[in-house]
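Report on the structure given below.
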Amino acid sequence: MDPIEVRGVAKTFRIPHAPPRRRLVDQLAGLFRPMSVELFAALTEISFQVPSGSFLGIIGANGSGKSTLLKIIAGLLTPDAGEVHVRGTLAPLLELGLGFHTGLTARENVALYGAILGFPAHTAAERVEAVLDFAELRPFADTKLKGFSTGMVSRLGIATALQADADILLLDEVLAVGDVRFQQKCLRTFEALKQQRKTIVLVSHDLGAVQRFCDHVLWLAGGRLVTAGEPRAVVQAYLDAARRDALNEAAARRPGAQATRRFGDECARFVGGMLERDDGTPATSVRAGSRVVLRLTAEFRTACAEPVFGFGVKQVGALGSHVIYTINNHQLGVSSGSFSPGEQVEIRIPFTAALMNGHYSVFAMIAAHSNGHDGPIFHDWINDLVAFSVEDSPCWEGLADLAAEFRCDPVRPRPAQERAIPAA
Amino acid sequence: MDRRFWHLVVQFALKDFKIRYTHSVLGYAWSVLHPLVFSIVYYFVCKTFLHFDAANFPGYLLLGMMLWAFFSEGSGNGIGSLLARSSVISKVPLQREAIVYAAILNALITLAINLVILGVLLTLAGERVIGWSLATLPVTLLELILLTTGIALLLAPLHVRYHDVGYLWSVLLQIGFWMTPIIYVDKTIPARLQWMIVYNPMTRIITQGREAIVYQTFSDPKAMLHTFLIAGTVMLFGSWVFRRMQPRLVEYL
């Protein structure tokens, strides 16, 4: 029989919408109104077993249900569905130093915390002494806790917890306590507990510790068990997923961050820019394959001969934006002319929105005519000058709508020997 | 209810008792000084200004005050005890009755100190304190403990859910104090209001206590049995409600 057996456990929290009806008066008034609660599924269909003498790690992002699961195993919360079987005595260390009071001495605090953790009454006094020795705080046994450093209090907490002498230990992020030497001492104790066939469940964000100590790892996400198995593999899968999420998040942020990006030496500047349909109405959403016109207005501050006007289109997606088209007047062999200070110019650029359904943004630039030796000198560059969306494309996937056409003509039957495909 | 459970109750009660007088120079002396000064003040107010009187009035008044103080402190602290230890409740699975019991035990320590002070005061005043009638005192005290614990067990989990319960109880305690013949003599109450004294279990308990200590007479065994049945029923009902509510306690915190 496994010491911990969890079968089909589910837990849903009912979160009342503000204001919470805690007071009796509100509750009475609430009898006549439908109760508005939000259901939060903290755990869904969780099943696993922990064999005797094994060290189980539970990993997952914040809010994935790790602590709820631990509390259900500890018997602090009742699951809505499923069964939990725990065989043996349990020491849940969800928080260290519970009930510690700064006005009491170290010995008094350990006596109380020990009682909370279930020290047997007849050996309680000896255990308190053992705790003081393990924590290396014997000289301060009768000092009030208010004189202790944070590290000393933590040491006292974990030393008491390790004396609990239960068959099953539930640990929630309590490994990182004290200095390196004291941590080593605690870790040796964990090893010893493993040797004694104690069962340990550890919830931690310290993936290094999880890989080092656990025999088996559960990965929770959104209250569901994503995968369970050998620590290295599960931790790797978890890290990969976390990296992917981080990339997506960064990509989602990017278009907005670039919207304000504009640079250039201001010898010439754009003073206007818009996208229009064929009939002159502003184009914020256009049909795939229709003709649109980008109209730019630029003003010159210094004299410029043959400046380069260019624009490009970027696709804006969940994975960031990428350039799908750029062009300038020189590439098309169009002369732009010469301009004197204060002069304005309007540039009309008709093009075909041969694009997939989606969101796009247009960037535009004015550059000095390159002599071919130096790099380009930008007078003005504006990212996300205008944004537009493309609709009504029949395509499902890809970058561009190439406006394909299909013709299906029946093929006239031919003599059998001319068949191109040989029989297998 | 094994030894481990009672060990926990004692540790909780000891902690509360110890931290009550931290940061004070006189320390534990306050637990004696406080009721002593309190008793003397009440005695003079009632005797000199209000002209209440009864046979052996100091004993009558002080014992009533002390038993009521236990009831009031024990039930009040017991009801608030679960919230006061919410971190322990939400992090460690323990028998949560222990927390309520500890509040009662703590009030019991105060009562014990008070009773010793009362004995000394009465002896100094030349009254006889030690006698055979004291043999009924443990039964009376047990009734008092059962009644107080029962109410605390009943209301403590409700208080976690609805904080109103605590405020409501403190109001009821105020009313109860004046509905119980503590600083007045029950004979002075008009006949049409006698019912509220007769059906009040605290009246029965305080009367039995006075008979045992102050008047050195034996209480009517039938009346004592009735009191015991009332207190026992409250205790059983309180425990039942507590056990019903405690699995969901963490979610209401």
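The values are calculated or read from the model by the stated rules, or taken from the named source; none is laboratory data. Since we're looking at a predicted model, the values are computed, not measured. A quick note on method: Cβ atoms are made from the backbone with ideal geometry, for glycine too, and the neighbour counts reach across all protein chains shown.
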Note to self: Quick check on my filter: what residues within the stretch A:282-340 are under 16 Å from residue A:387 (Cα atoms), among the hydroxyl-bearing types (Ser, Thr, Tyr) and in contact with a Gly (Cβ under 8 Å, 6 or more places away or on another chain)?
What the structure shows: A:325, A:326
Check: Is it the case that some residue within the stretch B:135-143 is over 14 Å from the mean Cα position of the chain (by Cα), outside any helix (DSSP H, G or I), loosely packed, with under 14 Cβ neighbours inside 10 Å and among the hydrophobic types (A, V, I, L, M, F, W, C)?
Finding: no
Next item on the list: Can you work out which of the residues in the stretch B:180-229 that are in contact (Cβ under 8 Å) with a residue 12 or more places away in the chain and among the hydroxyl-bearing types (Ser, Thr, Tyr) is farthest from residue B:123 (Cα to Cα)?
Entry: B:227
Next item on the list: Would you check if residue B:69 is over 20 Å from the mean Cα position of the chain (by Cα), away from chain A (no Cβ under 14 Å) and touching a residue at least 24 places away in the same chain (Cβ under 8 Å)?
Entry: no
Check: Given the residues A:35, A:1, which is the only one that is at pLDDT 70 or above, outside any strand (DSSP E or B), farther than 30 Å from residue A:208 by Cβ and more than 12 Å from chain B (Cβ to nearest Cβ)?
Finding: A:1
Notebook entry, point to check: Do we have any residue at all in the stretch B:60-81 that's modelled with pLDDT of 90 or more and within 24 Å of residue A:71 (Cβ to Cβ)?
Noted result: yes
Check: Within the group A:11, A:66, which residue is within 11 Å of chain B (Cβ to nearest Cβ) and either in contact with a Pro (Cβ under 8 Å, 6 or more places away or on another chain) or at pLDDT 85 or above (or both)?
Finding: A:11
Next item on the list: Would you please name the residue that is modelled with the highest pLDDT, looking only at residues in the stretch A:210-220 that are surrounded by fewer than 18 Cβ atoms within 10 Å (Cβ to Cβ) and farther than 25 Å from residue A:89 by Cα?
Entry: A:211
Note to self: Condition first: among the charged types (D, E, K, R) and part of a helix (DSSP H, G or I). Now tell me which residues in the stretch B:72-86 satisfy that.
What the structure shows: B:73
Note to self: Among the listed residues A:172, A:133, A:142, identify the single one that is crowded, with 17+ Cβ neighbours inside 10 Å, of a type in the set (D, E, K, R) and more than 19 Å from residue B:9 (Cα to Cα).
What the structure shows: A:172
Check: So which residues in the stretch B:34-56 are hydrophobic (A, V, I, L, M, F, W, C) and surrounded by 13 or more Cβ atoms within 10 Å (Cβ to Cβ)?
Finding: B:36, B:38, B:40, B:45, B:46, B:52, B:54
Check: Within the stretch B:12-33, is even one residue more than 14 Å from chain A (Cβ to nearest Cβ), surrounded by 20 or more Cβ atoms within 10 Å (Cβ to Cβ) and either closer than 26 Å to residue A:143 by Cα or touching a residue at least 40 places away in the same chain (Cβ under 8 Å) (or both)?
Finding: no
Next item on the list: May I ask you to verify whether residue A:358 is on the phi > 0 side of the Ramachandran plot and surrounded by 14 or more Cβ atoms within 10 Å (Cβ to Cβ)?
Entry: yes
Notebook entry, point to check: Only one of A:189, A:260, A:227 is of a type in the set (S, T, N, Q), outside any helix (DSSP H, G or I) and modelled with pLDDT under 85; which?
Noted result: A:260
Item checked: Hits in the stretch A:46-76 (condition: in a strand (DSSP E or B) and among the aliphatic types (A, V, I, L, M)) -> A:46, A:50, A:56, A:58, A:59
Margin query: If residue A:84 meets every condition in (1) within 14 Å of chain B (Cβ to nearest Cβ); (2) surrounded by fewer than 17 Cβ atoms within 10 Å (Cβ to Cβ); (3) at pLDDT 90 or above apart from one, which number is that one?
Written below: (2)
Next item on the list: Look at residue B:124 and say whether it is closer than 18 Å to residue B:32 by Cβ and either touching a residue at least 24 places away in the same chain (Cβ under 8 Å) or more than 14 Å from chain A (Cβ to nearest Cβ) (or both).
Entry: yes
Next item on the list: Filter the stretch A:75-97 for residues that are more than 17 Å from residue A:165 (Cβ to Cβ) and either among the hydrophobic types (A, V, I, L, M, F, W, C) or without any contact (Cβ under 8 Å) to a residue 60 or more places away in the chain (or both) and give the result.
Entry: A:75, A:76, A:77, A:78, A:81, A:84, A:94
Check: Across the stretch B:75-104, what is the number of residues that are under 18 Å from residue B:234 (Cβ atoms) and either surrounded by fewer than 22 Cβ atoms within 10 Å (Cβ to Cβ) or at the interface with chain A (Cβ under 10 Å from one of its Cβ atoms) (or both)?
Finding: 3
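If a residue must be closer than 21 Å to residue A:89 by Cα and part of a helix (DSSP H, G or I), how many such residues does the stretch B:1-19 contain?
Number of matching residues: 8.
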Next item on the list: Quick one: count up the residues across the stretch A:389-424 that are more than 33 Å from the chain's Cα centre (by Cα), in a loop (DSSP other than H, G, I, E, B) and at pLDDT below 80.
Entry: 9
Margin query: The conditions are (1) within 30 Å of residue B:132 (Cα to Cα); (2) crowded, with 16+ Cβ neighbours inside 10 Å; (3) among the hydrophobic types (A, V, I, L, M, F, W, C), and residue B:185 fails exactly one of them. Which is it?
Written below: (2)
